[in-house]
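The values are calculated or read from the model by the stated rules, or taken from the named source; none is laboratory data. Everything numeric here is computed off the predicted structure, so don't read it as measured data. Virtual Cβ from ideal backbone geometry, glycine too; neighbours counted across all protein chains shown.
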Amino acid sequence: MGDPRATLNRLLQTESREVGCTDAFELFDRFAERRLAYADAERCHPGVAAHLAACDACAKDFEGLLRAVRDSTK
């Protein structure tokens with residue numbers, strides 16, 4: 001586990017455009033497709049990008065989704 005102060009600071013400095021876990025999760029598939037195909041997912045879905053930067057649990061889930069999608073296309 002990382003530095004608790006760093007984690008707390010990251011959580012307290014969330015952006016106003018950030019979406020919550022539920023909203024981010026609902027967009028993960030589109031965000032992943034966009035990132036893999038066009039690499040402009042952050043521009044198209046800034047709220048999801050901001051949320052993934054602030055939420056370790058969702059970031060881990062999203063990385064798992066990306067791995068699954070990449071593995072399925074091999």
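Give region 37-55 a look and list any residue that's over 8 Å from the mean Cα position of the chain (by Cα), touching a residue at least 12 places away in the same chain (Cβ under 8 Å) and not in a helix (DSSP H, G or I), or say none.
45
For region 17-40, give me each residue that is loosely packed, with under 15 Cβ neighbours inside 10 Å and aliphatic (A, V, I, L, M).
Within region 17-40, 36, 37, 39 qualify.
Mind counting the residues in region 41-52 that are surrounded by 14 or more Cβ atoms within 10 Å (Cβ to Cβ) and more than 12 Å from residue 19 (Cβ to Cβ)?
3
For region 1-34, how many residues are acidic (Asp, Glu) and at pLDDT below 60?
Count: 1.
Hey, any hits in region 65-72 for a residue that's aliphatic (A, V, I, L, M), at pLDDT 90 or above, under 9 Å from the mean Cα position of the chain (by Cα) and part of a helix (DSSP H, G or I)?
No, the conditions are met nowhere in region 65-72.
Report whether or not residue 58 is buried (at least 18 other Cβ atoms within 10 Å of the Cβ) and either within 23 Å of residue 4 (Cβ to Cβ) or without any contact (Cβ under 8 Å) to a residue 60 or more places away in the chain (or both).
yes
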